[in-house]
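First the structure, in the form of structure tokens, and then the observations on it.
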Amino acid sequence: MISKELAKAREYEASQEASVKDEDRPVCHFTARTGWLNDPNGLSFYDGTYHLFYQYHPYSTYWGPMHWGHAISRDLIRWKYLPAAMAPDTEYDKAGCFSGSAVTLADGRHMLIYTGCGDSSEDPTGKGRWLQTQNLAILESDGEYHKYEGNPVISKEDLPEDADPYEFRDPYIWKASDGTYRALAACGRTETSEGGTYLLMYSSDDGIHWGSGKVFFEDERKIGVMWECPNFFTLGKKHILIASPMDMQAEEGEAVGSIRFPQGNNVCCITGRYDEKSETFIPDKDRAGRFRYDPVDAGLDFYAPQVLTMNDGRKVMIGWMQDPRTGNTESNGRRESRFFGQMSIPRELSLKGDRLIQWPVSELEAYRTDRDVWKGLELAPIWIRIPGISGRCKDISLDIKTRRKCKGAGMRFAADENHYTELWYDPEKSVITIDRSHSGLVESIPARRTIKVSDRRGRLSLRIILDKWSAEIFINDGEQTMSLTFYTDLSAEEIRFRAEGEALMDMTAYTLAESE
Ligand code: FRU
């Protein structure tokens with residue numbers, strides 16, 4: 001038996017199916033079955049297949065009472081939609097089933113842990129925020145995820161005294177080496193306390209019964225107001241925390257005019273060590289002895305990623321490729337579309353020193369066709385096209401070598417006579433700027449970003465995944481990434497290159513295909 005809310009959502013999404021054709025979607029990026037999508041949830045390998053759940057409002061292309069959408073895949077690139085897994089249908093999650101994660105229980109059942117948004121009448125701030133608790137849904141033999149009758153399993157009684165139960169969410173679960181379970185959840189601190197975020201760790205022997213929380217990490221630097229969607233995992237010998245602080249202040253970058261973090265919502269990576277005894281995270285420190293944190297993606301649209309361990313051990317991250325600040329604005333793409341929002345390409349994670357390296361999973365390569373290779377192209381001071389290089393679904397690798405006195409080199413894509421999105425490299429300052437101001441955007445949302453890249457004496461390597469309405473740019477072998485969306489009409493498919501001064505370029509370009 002499923003609830004009437006879930007039955008209604010399933011009926012609705014099935015009724016919309018015929019109005020979205022495959023070719024209306026990006027070729028290699030996951031989009032909602034219908035309606036609105038935000039965070040990836042419950043990423044896991046279960047029963048021989050990968051599962052992706054997602055924050056989902058099927059009924060419109062705007063954020064609304066959150067359901068969990070569901071899809072499965074064997075390669076993390078092409079997904080098959082399954083019926084929505086959860087709807088807000090109980091007292092404790094009536095306002096929404098917020099983000100969470102998944103694990104396999106000792107008895108082999110798949111289990112989801114998620115945040116329920118319940119009653120708002122008692123929010124002491126009068127802002128009508130929902131009481132947030134952590135809840136379980138377990139896959140039973142009828143193929144349905146049943147909400148556990150003992151829900152909520154973690155609630156305000158399980159919080160430190162100054163924690164804010166109205167900002168308490170996004171549990172990330174894992175199995176410890178001894179077979180017991182841990183979950184990390186984000187929690188704000190009340191306005192009467194000093195503010196800032198706690199990441200709280202909960203333990204359970206069976207995954208069902210949870211004890212009270214321990215402060216696992218505390219943001220004493222007060223970065224943003226709330227670190228949403230924490231992830232905790234290992235890469236080699238290091239422990240890594242990735243979380244998404246909201247409402248940060250902007251931070252300058254190392255080069256003049258560049259920024260490290262823009263104001264607003266961002267994703268941070270912190271490397272460190274896990275102390276088994278105290279069950280706390282000891283982050284690596286900067287020169288001033290404070291915890292060090294680095295941006296995960298320096299583009300315009302990347303938030304709330306979730307990290308999955310693949311069945312062969314690779315750590316892979318999928319993010320919501322949309323800035324939450326601009327997600328609910330009336331964007332060009334939404335007007336004709338039945339769905340809005342997309343996930344990033346799954347990115348394999350590794351470390352180089354203490355630096356997080358991201359690279360598209362190798363599974364993407366199976367979808368590449370039509371290889372074009374160019375060596376030693378001399379770029380000109382005007383925007384030129386290169387024979388055979390055009391389109392909106394491309395996987396392009398570039399090596400740019402600028403000579404002394406070269407003022408810059410770059411490319412424009414999704415271009416026609418009036419539109420383009422631009423990427424420009426300034427070798428003197430070692431900065432890259434992305435700019436979508438001319439993509440057809442009509443709203444005054446952030447459109448440009450300049451970041452410092454490593455100084456490789458005028459050389460730059462890029463891999464650009466273009467997929468209809470987005471670009472993911474992997475800089476210098478994945479040392480940095482910039483992701484952005486743009487809703488330029490699909491007929492704008494020119495790609496052009498230019499340099500101011502002497503620059504040579506090697507390029508390998510593929511088309512990303514509709515089918516494998
Ligand atoms: C992050 C987030 C989460 C929350 C979910 C609600 O984008 O705000 O903290 O669980 O989205 O949709």
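The values are calculated or read from the model by the stated rules, or taken from the named source; none is laboratory data. Computed from a prediction, not measured in an experiment: that's the story for all the values here. So basically every Cβ, Gly included, is an ideal-geometry build from the backbone, and we count neighbours across all protein chains shown. Just so you know, the surface numbers come from the protein's heavy atoms only, side chains and all, with ligands and any DNA or RNA stripped out. Shrake-Rupley method; radii C 1.70, N 1.55, O 1.52, S 1.80 Å.
General observations
- The condition of being open to solvent by 60 Å² or more (accessible area, probe 1.4 Å) and touching a Lys or Arg at 6+ places or on another chain (Cβ under 6 Å) does not hold for Arg412.
- Qualifying positions in the range 1-30 - more than 29 Å from Leu466 (Cα to Cα), surrounded by fewer than 15 Cβ atoms within 10 Å (Cβ to Cβ) and among the acidic types (Asp, Glu): Glu11
- Residue check, Ser203 assigned to a strand (DSSP E or B), surrounded by fewer than 22 Cβ atoms within 10 Å (Cβ to Cβ), away from the ligand (no atom under 14 Å from the Cβ) and polar (S, T, N, Q): yes
- Any chance Asn231 is part of a loop (DSSP other than H, G, I, E, B) and either within 16 Å of the ligand (Cβ to nearest atom) or open to solvent by less than 10 Å² (accessible area, probe 1.4 Å) (or both): no
- Whichever residue in the range 88-123 is in contact (Cβ under 8 Å) with a residue 60 or more places away in the chain and part of a loop (DSSP other than H, G, I, E, B) and, among such residues, is farthest from Asn151 (Cα to Cα): Ala106
- Yes/no for Thr115 being within 14 Å of the ligand (Cβ to nearest atom), β-branched (Val, Ile, Thr) and in contact with an Asp or Glu (Cβ under 7 Å, 6 or more places away or on another chain): yes
- Single residue of Leu136, Leu131, Leu105 found to be over 19 Å from Lys8 (Cα atoms) and in contact with a Cys (Cβ under 9 Å, 6 or more places away or on another chain): Leu131
- Scan of the range 234-247 for residues that are more than 12 Å from the ligand (Cβ to nearest atom) and either open to solvent by 10 Å² or more (accessible area, probe 1.4 Å) or assigned to a loop (DSSP other than H, G, I, E, B) (or both), ordered by number: Thr234, Leu235, Gly236, Lys237, Lys238, His239
- Residue that is most open to solvent (accessible area, probe 1.4 Å) [pool: residues in the range 31-59 that are free of Cβ contacts under 8 Å to residues at least 40 places away in the same chain and within 14 Å of the ligand (Cβ to nearest atom)]: His57
- Residue within the range 318-333 that is away from the ligand (no atom under 16 Å from the Cβ), free of Cβ contacts under 8 Å to residues at least 12 places away in the same chain and part of a loop (DSSP other than H, G, I, E, B) present: no
- In the range 142-169, the residues that are in contact with a Pro (Cβ under 9 Å, 6 or more places away or on another chain) and among the hydrophobic types (A, V, I, L, M, F, W, C): Ile154, Leu159
- Candidate set: the range 160-169, residues that are touching a residue at least 12 places away in the same chain (Cβ under 8 Å) and either open to solvent by 10 Å² or more (accessible area, probe 1.4 Å) or away from the ligand (no atom under 12 Å from the Cβ) (or both); chosen: the one nearest to the chain's Cα centre (by Cα): Arg169
- Test: residue in the range 89-102 that is more than 16 Å from the ligand (Cβ to nearest atom) and closer than 20 Å to Tyr172 by Cβ: no
- Breaking point among (1) surrounded by fewer than 21 Cβ atoms within 10 Å (Cβ to Cβ); (2) over 30 Å from Ser203 (Cβ atoms); (3) at pLDDT below 95, for Lys352: (3)
- Enumeration of residues in the range 369-405 that are closer than 29 Å to Gly236 by Cβ and surrounded by fewer than 18 Cβ atoms within 10 Å (Cβ to Cβ): Ser397, Asp399
- The listed residue being of a type outside the set (Lys, Arg) and free of Cβ contacts under 8 Å to residues at least 12 places away in the same chain, out of Ser430, Ser437: Ser437
- Taking the listed residues Tyr59, Tyr50, the one that is in contact with a helix residue (DSSP H, G or I) (Cβ under 7 Å, 6 or more places away or on another chain) and not acidic (Asp, Glu) is Tyr59, with no other qualifying.
- Of all residues in the range 34-65, those satisfying the criterion of being assigned to a loop (DSSP other than H, G, I, E, B) and more than 25 Å from Glu336 (Cβ to Cβ) are Asp47, Gly48.
- Hits in the range 208-228 - residues which are away from the ligand (no atom under 16 Å from the Cβ), in contact (Cβ under 8 Å) with a residue 24 or more places away in the chain and either among the acidic types (Asp, Glu) or assigned to a strand (DSSP E or B) (or both): Lys214, Val215, Phe216, Phe217, Glu220
- Within the range 427-477, being of a type in the set (D, E, K, R) and open to solvent by less than 20 Å² (accessible area, probe 1.4 Å) holds for Arg436, Arg463, Asp467, Lys468, Glu472.
- When Arg129, Arg78 are screened for being open to solvent by 20 Å² or more (accessible area, probe 1.4 Å), of a type outside the set (Asp, Glu) and touching a residue at least 60 places away in the same chain (Cβ under 8 Å), only Arg78 passes.
- Any hit, the range 217-237, residues being in contact with a helix residue (DSSP H, G or I) (Cβ under 7 Å, 6 or more places away or on another chain) and of a type outside the set (Lys, Arg): no
- Whichever residue in the range 482-507 is part of a strand (DSSP E or B) and β-branched (Val, Ile, Thr) and, among such residues, is nearest to Ile389 (Cα to Cα): Ile495
- Applying a threshold of 7 Å to beta carbon distances and a minimum spacing of six or more residues, or different chains, the list of pairs starting in the range 185-198 at a residue that is open to solvent by less than 10 Å² (accessible area, probe 1.4 Å) and within 16 Å of the ligand (Cβ to nearest atom) and ending at one that is hydrophobic (A, V, I, L, M, F, W, C) and not in a strand (DSSP E or B) reads Cys187/Leu159; Gly188/Val225.
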